[in-house]
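Laboratory data are not the source of any read-out in this text; all were calculated from the coordinates shown. Note that this is a predicted model, so its numbers are computed, not measured. Cβ placement follows ideal geometry from the backbone for every residue including glycine, while neighbour counts extend to all protein chains displayed.
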Amino acid sequence: MFRRKSAEDKFAAAFYVRVAEQARLPELFDACGIPDTLDGRFDSLALHASLAIDRLRREPDGERLAQAFFDAMFRHLDITLRELGVQDLGVGRRIKIMAEGLHGRALAYRDALAGGPTPLAEALRRNAYGGRPPAEAAVRCLVAYVGGYARKLAETPRRDLVE
């Protein structure tokens, strides 16, 4: 049974498209050293989605928006996996692994950005490089980028997030 998309669903889906575009910026792979691989692209998307979900949660209807964003993201990932040739039985398992990966990364980034015991550089080193050891210059670049992107999200009014 289909249900009509609410205004929140439409907003979250449009915001997801913008966040996914941001996660594919060439500078992230070139200057910041995220590997341009399937895993690296997921790491970049998970980083950006984590920041976006935290931003959405600050809205009065934030939990609903964050869930709608998450749902839009994983609908897209499901389609992408199928297009890559993953068989139906393997899609659910991979989606579960991706959701768990997103959750773990989101907690690490949220804690680091809030001044927790693990510095942002360490959280990024462990989670944004597909298990490959990054160059220190690349980590510094990504730390600066993440700080700027998080500030930009925080300062952007809701109505402007999809523009």
request  = For segment 74-151, evaluate the Debye formula with one uniform point scatterer on each Cα (no solvent term) and list log10 I(q)/I(0) at q = 0.22, 0.27 Å⁻¹, rounded to two decimals.
outcome  = -0.97, -1.17
query = In µm²/s, what is D for segment 7-156 at 37 °C and 0.692 mPa s, where D = kT/(6 pi eta Rh) by Stokes-Einstein and Rh is the Kirkwood radius from Cα pairs?
reply = 209 µm²/s
query = Given +1 on the Cβ of Lys and Arg, -1 on the Cβ of Asp and Glu, and no further charges, what dipole in debye does the chain carry about its Cα centre, rounded to the nearest 20?
reply = 320 debye
Restricting segment 1-104 to trypsin sites (Lys or Arg not before Pro) in coil, as DSSP defines it, with at most 16 other Cβ within 10 Å = R3, R4, K5, R24, R57, R58
message = Could you tell me the relative contact order of the chain? Use alpha-carbon pairs under 8 Å, at least six residues apart, and round to a whole percent.
response = 31 percent
